[in-house]
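See structure below.
The values are calculated or read from the model by the stated rules, or taken from the named source; none is laboratory data. Everything quoted here is computed from the prediction, not taken from an experiment. Counting neighbours? That spans all protein chains shown, and the Cβs are built from the backbone with ideal geometry, glycine included. For the accessible areas, the whole protein counts, side chains as well, though only heavy atoms, and no ligand, DNA or RNA atoms are used. Shrake-Rupley method; radii C 1.70, N 1.55, O 1.52, S 1.80 Å.
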Amino acid sequence: MRKPIMPIHFDTAFSFDDPSVKAFLFDGSAASYTAKPPQPAGFGHDSQDRRPSGEPVTAIQDIVFLVQEWWQLLQAGSGAGVHRVVVAMEQRVELSVSYWAFFRDGLSEAAIAEGRALLASYDPASDGNDVEAWVQAHIGPNLQLDDFVLDTAVTLRKIDQPQERDISQRDALFALLGVGGGEPPHSEIPVVGDYSLPQWGHDHQLDLVLIRTAVLQEDSAPPLDPTTGKEVAPGHATDPMEVGRAIDDVLGQVVPSSCGQMKREQFGLLALAAWPEFKISWTRIRIRIGCSSISISVPMLHVRLSKLVFYVYYSLPRNLGRTVFKIAETCAIRSALGSAVIGIVTTNIAAAVGSFTPLFKRCLEREVVNCIHPGLMLLKEPGDWVPPD
């Protein structure tokens, strides 16, 4: 004897953290999205989906999501590197439900027709909310309870266009490079005294052009690559001992023992007092739509302002002499102030390192061929996350 299964599933769960849902929110050409219920083994989906009788019942939610933008940095019209910034967008969506019927494989056409008629005749206004009891009381002779499953599908429909919720990181980048208007965040280039990045940008005829956008699937706290960055406590981003430890941790992994005793030098390249950063946290809410109770995972936007201090460093064999180290200092400063390095280091330190390293090595190659280990290091003093309103 077949064991009856629970045929009606009105409780369901839905998450806006699903990658396909995030892609839908970002896709400007997609107007709706349906989260399909799983198909039970041994059952086929009936093409005639059901909706609750009476006026459509919906719920409205404002959903925030993060988008990454790639901006081409131009110097006097020529490409000098690419910036990556994150902006927070918000899309208003309408949620509705439909009910998908699944009939057991091999069921007779008479039984399927009976099931369709049964589901179509139910009206919560007159038949009450206990659907399972109503079905048991009205099921016909050709259909058994375990011959069908009724499950809930959730459909999203976009309302209007997405809105910019928070674009402070993009605005900070433009102001920082002296592109467009806006009040630039406080910055300085320590290696050349009190010179600010907006002044540097103006002198180098910089511009920014948007070349790509994509939804940010990994939207937790922004990560740091340990080879180029480290989070430190407040007040420690300019502590020489903290800087030295961070750089030595990297050099200890890459400098061959055959190089002998090495000497490290570093200097500050750029300091930003307050850089906007975003993350998404998730909370569950429960809403009711028609006959269905839906547990929804919704995003919550958090913002913080962090202090960023960037350093240039290089490590050379101690026996090279004072003259070579003086040349190295000049090469490091000259290479670091190139548009493809300081111009993009704020949002794309990996690309800045990729440009800085060969520039520095070419500058020194006549003096030192082996055991040159230059790099860039970010020390971040993260601010406190501000919870959503």
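For this structure, a couple of remarks:
- A search for C-beta distances below 6 Å between a residue of segment 58-72 that is free of Cβ contacts under 8 Å to residues at least 40 places away in the same chain and any residue that is surrounded by fewer than 21 Cβ atoms within 10 Å (Cβ to Cβ) and assigned to a strand (DSSP E or B), counting only pairs 6+ apart in sequence or on different chains, returns Asp62/Glu90; Asp62/Arg92.
- Any hit, segment 255-263, residues being touching a residue at least 40 places away in the same chain (Cβ under 8 Å), over 28 Å from the mean Cα position of the chain (by Cα), assigned to a helix (DSSP H, G or I) and surrounded by 14 or more Cβ atoms within 10 Å (Cβ to Cβ): yes
- Condition check for Val209 on (1) of a type in the set (A, V, I, L, M, F, W, C); (2) within 27 Å of the chain's Cα centre (by Cα); (3) surrounded by 13 or more Cβ atoms within 10 Å (Cβ to Cβ): one failure, at (3).
- Residues satisfying the stated conditions in segment 312-343, i.e. part of a loop (DSSP other than H, G, I, E, B) and buried (at least 23 other Cβ atoms within 10 Å of the Cβ): Val341, Ile342, Gly343
- Single residue of segment 56-98 satisfying the filter (open to solvent by less than 10 Å² (accessible area, probe 1.4 Å) and more than 18 Å from the chain's Cα centre (by Cα)) that is farthest from Thr347 (Cα to Cα): Ser98
- Across segment 236-243, not a single residue is classified as hydroxyl-bearing (Ser, Thr, Tyr) and open to solvent by less than 40 Å² (accessible area, probe 1.4 Å).
- Of all residues in segment 263-294, those that are closer than 30 Å to Lys380 by Cα and among the β-branched types (Val, Ile, Thr) total 2.
- Note on segment 217-230: residues that are assigned to a loop (DSSP other than H, G, I, E, B) and open to solvent by less than 60 Å² (accessible area, probe 1.4 Å) total 6.
- Filter result for the condition that a residue is of a type in the set (A, V, I, L, M), open to solvent by less than 60 Å² (accessible area, probe 1.4 Å) and in a loop (DSSP other than H, G, I, E, B), over Ala246, Ala172, Ala233: Ala233
- Yes/no for Gly54 being over 18 Å from Thr12 (Cβ atoms), modelled with pLDDT under 85 and part of a loop (DSSP other than H, G, I, E, B): yes
- Of the listed requirements (1) charged (D, E, K, R); (2) surrounded by fewer than 14 Cβ atoms within 10 Å (Cβ to Cβ); (3) touching a residue at least 12 places away in the same chain (Cβ under 8 Å); (4) part of a helix (DSSP H, G or I), Arg362 misses just one: (3).
- Near pairs, Cβ below 7 angstrom, 6+ apart or cross-chain, from segment 22-42 (at pLDDT 95 or above) to any residue that is open to solvent by 30 Å² or more (accessible area, probe 1.4 Å) and not in a strand (DSSP E or B): Lys22/Gln217
- Residue selected from segment 196-206 under the condition open to solvent by less than 60 Å² (accessible area, probe 1.4 Å) and free of Cβ contacts under 8 Å to residues at least 40 places away in the same chain, by the criterion farthest from Ile280 (Cα to Cα): Ser196
- In segment 303-318, the residues that are within 27 Å of Pro222 (Cβ to Cβ) form Cβ pairs under 7 Å with partners that are among the polar types (S, T, N, Q) and assigned to a strand (DSSP E or B), at six or more places apart or across chains, as follows: Tyr311/Gln266; Val312/Gln266; Tyr313/Gln266.
- Residue in segment 124-134 that is open to solvent by 60 Å² or more (accessible area, probe 1.4 Å), over 24 Å from the mean Cα position of the chain (by Cα) and among the small types (Gly, Ala, Ser) present: yes
- The C-beta contact set for segment 371-389 (first residue part of a loop (DSSP other than H, G, I, E, B), second residue of a type in the set (Asp, Glu) and surrounded by fewer than 18 Cβ atoms within 10 Å (Cβ to Cβ), distance under 7 angstrom, 6+ apart or interchain) comprises Pro382/Glu231.
- Residue match in segment 280-287 (condition: over 31 Å from the mean Cα position of the chain (by Cα) and either open to solvent by 10 Å² or more (accessible area, probe 1.4 Å) or at pLDDT below 95 (or both)): no
- Qualifying residue in segment 150-159 (condition: farther than 19 Å from Ile289 by Cβ and open to solvent by less than 60 Å² (accessible area, probe 1.4 Å)): no
- Note on segment 288-311: residues that are open to solvent by less than 40 Å² (accessible area, probe 1.4 Å), among the hydrophobic types (A, V, I, L, M, F, W, C) and farther than 22 Å from Glu242 by Cα total 7.
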